[in-house]
Number of protein chains: 2
Amino acid sequence: MPDSNVTSATDARDVLARMGRDARAAQRVLANASAGVRSAAIAAIADEVEKAKAEILAANAQDVADAEKNDLGAAKIDRLRLDDARIAGIAEAARAIAAQADPLGAEIGRWGVKSGLQIARVRTPIGVIGMIFESRPNVTVDAAALTLRSGNCVILRGGSDAARSNAALHACVQRALTGAGLPEACVQLTPASRAAADALLEGADGAIDLIIPRGGKGLVKAVQEKAKAPVLAHLEGICHLYIHSAANLEMARAVALNAKMRRTGVCGAAETLLIDRAAAETMLPAIARDLTAAGCELRGDATARAIYPDMAPATEEDWRTEYLDSVLAVRVVDGMDAAVDHIAEYGSNHTESIITDDEDAAEHFLRHVDSAIVMHNASTQFADGGEFGMGAEIGISTNRLHARGPVGAEQLTTFKYVVHGSGQTRP
Amino acid sequence: MPDSNVTSATDARDVLARMGRDARAAQRVLANASAGVRSAAIAAIADEVEKAKAEILAANAQDVADAEKNDLGAAKIDRLRLDDARIAGIAEAARAIAAQADPLGAEIGRWGVKSGLQIARVRTPIGVIGMIFESRPNVTVDAAALTLRSGNCVILRGGSDAARSNAALHACVQRALTGAGLPEACVQLTPASRAAADALLEGADGAIDLIIPRGGKGLVKAVQEKAKAPVLAHLEGICHLYIHSAANLEMARAVALNAKMRRTGVCGAAETLLIDRAAAETMLPAIARDLTAAGCELRGDATARAIYPDMAPATEEDWRTEYLDSVLAVRVVDGMDAAVDHIAEYGSNHTESIITDDEDAAEHFLRHVDSAIVMHNASTQFADGGEFGMGAEIGISTNRLHARGPVGAEQLTTFKYVVHGSGQTRP
């Protein structure tokens, strides 16, 4: 039905253009609302979610029933499902963001210049953010809380599988905004249609300053290709753990097991283990045994397999793969330069860690590896806004510009220069 | 000749893919070169430009002769032309950048978290920058110096009108790099063809991290539409000067004349004068007389024309126009809110200034106007990296993300998180 599609795309453009205008108007109000008013609104979201728990769970049960009918798969259904504990978690995250220091108005630099002008850099909101996400309904509340904290308005387009759950949570956000005296258009939810997603990516008639996709690699790539506005993307985390020749064996064992197996589906999970040739004979067997015992499949290069035969052979493709599963690629390298070169060639510039007792080697690695997060003697699974002390995060950016690594409320701000003079004219 | 065009596009893609690979390799060397080596290379560019002055001027004379033959227009030919003073200026700018504090490796934050990890944010280069510019040959050296200072490699695509001048200046940069022991591929110059520009905008086979266009609005818009990498754009500067009812008349006169007429072709030039109704009768005649006497054409709304009849009527279009010429739109407004609303509706979020002796009014304006630069009692013509104490600038960003306002070496960096642990695993 091409005609009906055209109509629906046109309708979606009209709807998004109106949402964009409403968001722009709301943003001018929100940007000038006090930190206290915004904190109160965020805390009220938590209250409203707790009060509406029965309705939210009922809406979610319908989404889950449909998902089961449509054979969506266990992993997606798990991400979709809400229960008492997850509702409590959503409220708790909102309250933590309500309690955070407010980023807006903070002076992040001040200096005088020879003309006598006084120049300050001051944090301000970015503006209107478009967010496209998949099946996790908690994103509705996380995004609302983080964007209110940072003074931005947000237009949310959630996955169709979670449409009823998102609508129920969004209704809580609307009540909280109204109660705090803020415009409802601070946080809007589009229809869960493809046409709405496309119209949002087209920029909602020029209203969108930033697009944030949250979901799998397919979603992120599609958004990057289509979006007219800048995209804060979270792509692959092909994270490396490098066991240096001067590593402490017990630390190497504990960190390797944790970096791979604590949770295999997170972007900070290690995907490749690099180990120095000088340490491989003595350390690899114990590290590999721990991982095998924990249910991890190992895929090694020839040298690694000669030392620990219970490994499948790794192919070139393995070095480039984000498994997000209980699989680890293992490569024996000829020292620091080979490790750094391997990471430069195959890594995704997300998070890499070196295990060593040699401080100079650690400093060399931290300096020469060009990733958003570089670590010494720590598990890559610490790549997380909460663990970094940022409160909640909206994701981990693999962009090189604006925000790299965990993105919390502060990373959702920009700045302006405020200049005080006394009548200066420029010669 | 479609066949020849296809071949040439393919050739350009091959050439740019090779330049991209060379730039990536060079960038790893450059990122780890000391501040001293990079300073020496930048200073050497200045020396080489002075030594090669005769060749540069000869190459430029040929470009200018062709430009005159092709009737390029006086403004473009003026931007293209080099002479002794401009050569001296190019060398001086490079030496100033060589003397600047180095941004790389600077720690811009450090904190501990409850797991015991120590987290630092450290400035690092962005990577490989593609720069597309029009007829000013000095950009070749400015861009080389600023990118070396910030540890980035750059691929330059200059205008075809300036091809010989750019090549002569680029040869100086190459000699300076070689002399300093840095790879020549730190600063590359593409052929001045459309196919080369297109291949650069396509990302040079994935090598480009950031595209910076420098030139007119047409160039910037075309780059924004075509570029696959993020674009640091400099679009319009529709700058406003707001004369508040509590302005000092003499200051208002001096700043208005300077903001409009010091140089009319720069992005920080005022394009619209807003004046409070309460001040218009007493202040507008003197301000308008100064501007008229200096050769400025005024276009006013009905109230302004009733007070000062020697004005053409302003249309809606005038409020949206960046004249870059001796023309000023004048509007009488009903106080602060009307001024802020006018700027929100018609401005380009570049630079706006209020003239007032009322500190509360000034703070209200500085807070509520959402522009990269907001000023109190100063001329908008101070919107400039040099005047902001940043040394040279590569442009003024009208982006909201990453860098807003003047872009110097520091704004051409990103950061990474450096995390020190003692064997932490994540619970």
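The values are calculated or read from the model by the stated rules, or taken from the named source; none is laboratory data. Since this is a predicted model, take the numbers as computed values, not measurements. Note: ideal-geometry Cβ built from the backbone for every residue, glycine included; neighbour counts use all protein chains shown.
Taking the range B:402-427 as the search range and keeping residues that are at the interface with chain A (Cβ under 7 Å from one of its Cβ atoms), assigned to a loop (DSSP other than H, G, I, E, B) and without any contact (Cβ under 8 Å) to a residue 60 or more places away in the chain, which one is farthest from A:Asp384 (Cα to Cα)? Once the filter is applied, the top-ranked residue is B:Arg404. Which members of the range A:356-378 meet the condition of being touching a helix residue (DSSP H, G or I) at 6+ places or on another chain (Cβ under 8 Å) and more than 8 Å from chain B (Cβ to nearest Cβ)? Passing the criteria: A:Thr356, A:Ala361, A:His364, A:Phe365, A:Val369.
Of all residues in the range B:379-401, those satisfying the criterion of being within 7 Å of chain A (Cβ to nearest Cβ) and either among the basic types (Lys, Arg) or surrounded by fewer than 24 Cβ atoms within 10 Å (Cβ to Cβ) (or both) are B:Glu387, B:Phe388, B:Gly389, B:Arg400, B:Leu401. So is B:Ala246 more than 28 Å from the chain's Cα centre (by Cα), part of a helix (DSSP H, G or I), hydrophobic (A, V, I, L, M, F, W, C) and over 22 Å from B:Gly405 (Cβ atoms) or not? For B:Ala246, the condition - more than 28 Å from the chain's Cα centre (by Cα), part of a helix (DSSP H, G or I), hydrophobic (A, V, I, L, M, F, W, C) and over 22 Å from B:Gly405 (Cβ atoms) - is not met. Test A:Arg21 against the stated conditions and say whether it is in a helix (DSSP H, G or I), surrounded by fewer than 19 Cβ atoms within 10 Å (Cβ to Cβ) and among the charged types (D, E, K, R). Against the criterion (in a helix (DSSP H, G or I), surrounded by fewer than 19 Cβ atoms within 10 Å (Cβ to Cβ) and among the charged types (D, E, K, R)), A:Arg21 qualifies. Residues that are of a type in the set (A, V, I, L, M) and either surrounded by 13 or more Cβ atoms within 10 Å (Cβ to Cβ) or in contact (Cβ under 8 Å) with a residue 24 or more places away in the chain (or both): does the range A:4-11 have at least one? Yes, the range A:4-11 has at least one match. Each residue in the range B:284-300 was checked for being among the polar types (S, T, N, Q) and buried (at least 17 other Cβ atoms within 10 Å of the Cβ), and 0 pass. Considering A:Ile208, A:Ile243, A:Ile212, A:Ile238, the condition of being among the β-branched types (Val, Ile, Thr) and over 24 Å from A:Gln411 (Cβ atoms) is satisfied by A:Ile243 alone. For the range B:207-231, the set of residues classified as farther than 27 Å from B:Ala41 by Cβ and either assigned to a loop (DSSP other than H, G, I, E, B) or among the charged types (D, E, K, R) (or both) consists of B:Gly216, B:Lys217, B:Lys221, B:Glu225, B:Lys226, B:Ala227, B:Lys228, listed by residue number. Checking A:Glu250, A:Glu225, A:Glu271, A:Glu281 one by one, the residue that is charged (D, E, K, R) and surrounded by 17 or more Cβ atoms within 10 Å (Cβ to Cβ) is A:Glu271 and no other. Annotation for the range A:33-41: no member residue is assigned by TED's automatic domain parsing to the domain that holds A:Asn138, more than 25 Å from A:Pro137 (Cα to Cα), at pLDDT below 95 and assigned to a helix (DSSP H, G or I). Check the range B:146-157 and report whether any residue there is in a helix (DSSP H, G or I) and surrounded by fewer than 24 Cβ atoms within 10 Å (Cβ to Cβ). No, the range B:146-157 has no match at all.
In this structure, does B:Leu257 turn out to be surrounded by fewer than 20 Cβ atoms within 10 Å (Cβ to Cβ), within 14 Å of chain A (Cβ to nearest Cβ) and in contact (Cβ under 8 Å) with a residue 12 or more places away in the chain? For B:Leu257, the condition - surrounded by fewer than 20 Cβ atoms within 10 Å (Cβ to Cβ), within 14 Å of chain A (Cβ to nearest Cβ) and in contact (Cβ under 8 Å) with a residue 12 or more places away in the chain - is met. Inspection of the range A:159-168 finds no residue satisfying the criterion of being touching a helix residue (DSSP H, G or I) at 6+ places or on another chain (Cβ under 6 Å), in contact (Cβ under 8 Å) with a residue 24 or more places away in the chain, closer than 19 Å to A:Ala403 by Cα and assigned by TED's automatic domain parsing to the domain that holds A:Arg194.
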